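Structure record follows, encoded as structure tokens.
The values are calculated or read from the model by the stated rules, or taken from the named source; none is laboratory data. Small disclaimer: the values here were computed from a predicted structure and weren't measured. All accessible areas refer to the heavy atoms of the entire protein, side chains included, with ligands and DNA or RNA removed. Shrake-Rupley method; radii C 1.70, N 1.55, O 1.52, S 1.80 Å.
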Amino acid sequence: MAVAVGGGVETPMSDINTTPLVDVMLVLLIIFLIAVPVAIQTIEKLRIPIFESVESEDKVENLLLTVSTTDAAGLSAGEPGYAGASRDGQCRVYFNNITPVTSQELYDQAFERLDAIVQRAGGAEQIRQDPDLIPQVHIRGDVNAPWSCVAGAIYNVQAAGYPTVGFISNPVDPNG
């Protein structure tokens, strides 16, 4: 502990000793000044792989869902005058991309469909032995549909017993 020497009452100094901090910072600065140019020279040009989009092989047993919302006027897709999904619209889920269903209907129909597939495969034990027999759910969500609509669909199909849920997206042209 440092003590001030001088005129009157002796009190401890409350100044922080910054010398070790400055020393460490100068050493780190020198290390980085030497290391960065060496690291930059050793890195070759980065080549990003370009993969061609391949259409997935879809099984008949897979469940296809489309999640959208009504437009600002409350119209659903397919109705005359539909202006597109709105963030403030009501959730719409289409079973196998055709039939509009409510949350309870989605759960019931998904459960019945999965149960029929499992029974056709010979039971739960038989379908567990061959993972390729397990159907999946593919969800195509409208870009304007709120996440709560998509999450509700995911919850219902997983509650019905589907273990795998995936998303279908529209490919984006990398050239613009």
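Numerical summary
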read-out: Candidate residues T164, T66: accessible-area rank, largest first, probe 1.4 Å; value: T164, T66
read-out: Segment N144-I16, length gained on full extension (0.36 nm per residue, minus Cα span); value: 40.4 nm
read-out: Heavy atoms of F167: accessible area, 1.4 Å probe, square angstrom to 10; value: 120 Å²
read-out: Probe 1.4 Å, all protein chains present, accessible-area order of C91, C149, largest first; value: C91, C149
read-out: Area of S148 that stays accessible when all protein chains are in place (1.4 Å probe, Å², to 10); value: 80 Å²
read-out: For R140, solvent-accessible area (1.4 Å; no DNA, RNA or ligand), Å²; value: 90 Å²
read-out: q = 0.25, 0.35 Å⁻¹: log10 I(q)/I(0) that the Debye formula gives for the range 95-135, counting C-alpha atoms only; value: -0.80, -1.12
read-out: Mean projected area in nm² (Cα convex hull; one quarter of hull surface) for the range 83-176; value: 8.0 nm²
read-out: For H138, residues with placed amide H under 5 Å, excluding near neighbours; value: L63, L64, L65, G166
read-out: Protein-only accessible surface order, largest first, of I16, I117 at 1.4 Å; value: I16, I117
